[in-house]
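Undergrad: First, the structure itself, so that you have it in front of you.
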Amino acid sequence: MYAVIATGGKQYRVTKDGVLRIEKLDAEAGATVEFGQVLLVGEGSNVKLGSPLVAGGKVVATVVRHGKGAKVSIVKFKRRKHYLRQKNHRQPFTEIKVTDISAG
């Protein structure tokens, strides 16, 4: 069974017992998180598609850990103008493990 959820401005395809990284959530490690914005739930050829959300659909997950992604360098440069700006960025994430998917 799989589902497509929306969180943090992005959409993710999740499966039961699957682990994935999403945008940072305000939840402690080990806490249970519930996602109500379920766009699609499918199992084999049986697919429920919401318009835009599946009625009564929810995905329950456990927070595994929080962390930061790989370092990304940002360079702004204009030639012959004596302009150079260099910065680095590490995007924070939350790693979750999906425990239950229900279609409602």
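No lab work stands behind these numbers, since they all come straight from the coordinates. All values derive from a computational prediction rather than experimental measurement. Reconstructed Cβ throughout: ideal geometry from the backbone, glycine too, with neighbour counts over all protein chains shown.
Undergrad: Could you tell me whether segment 85-98 includes any residue that is in contact (Cβ under 8 Å) with a residue 60 or more places away in the chain and among the hydroxyl-bearing types (Ser, Thr, Tyr)?
TA: Checked segment 85-98: at least one residue is in contact (Cβ under 8 Å) with a residue 60 or more places away in the chain and among the hydroxyl-bearing types (Ser, Thr, Tyr).
Undergrad: For ASP17, only one of the following conditions fails: (1) surrounded by 11 or more Cβ atoms within 10 Å (Cβ to Cβ); (2) touching a residue at least 60 places away in the same chain (Cβ under 8 Å); (3) among the acidic types (Asp, Glu). What is its number?
TA: (1)
Undergrad: Can you give me the ranges of the strands (runs of 3 or more DSSP E) entirely in segment 48-104 with at least 3 residues that are under 30 Å from LYS16 (Cβ atoms) and hydroxyl-bearing (Ser, Thr, Tyr)?
TA: Numbers: elements: 58-68, 72-78, 83-89, 92-102.
Those strands (runs of 3 or more DSSP E) span 92-102.
Undergrad: Within segment 45-79, can you find the residues that are surrounded by fewer than 10 Cβ atoms within 10 Å (Cβ to Cβ) and among the polar types (S, T, N, Q)?
TA: SER45, ASN46, SER51, SER73
Undergrad: Still on this structure, I have one more. Kindly list the number of the only condition in (1) within 15 Å of the chain's Cα centre (by Cα); (2) small (Gly, Ala, Ser); (3) farther than 21 Å from GLY8 by Cα that fails for SER45.
TA: For SER45, the failing item is (1).
Undergrad: Determine which single condition GLY44 fails, assuming it passes every other condition in (1) touching a His at 6+ places or on another chain (Cβ under 9 Å); (2) without any contact (Cβ under 8 Å) to a residue 12 or more places away in the chain.
TA: For GLY44, the exception is condition (1).
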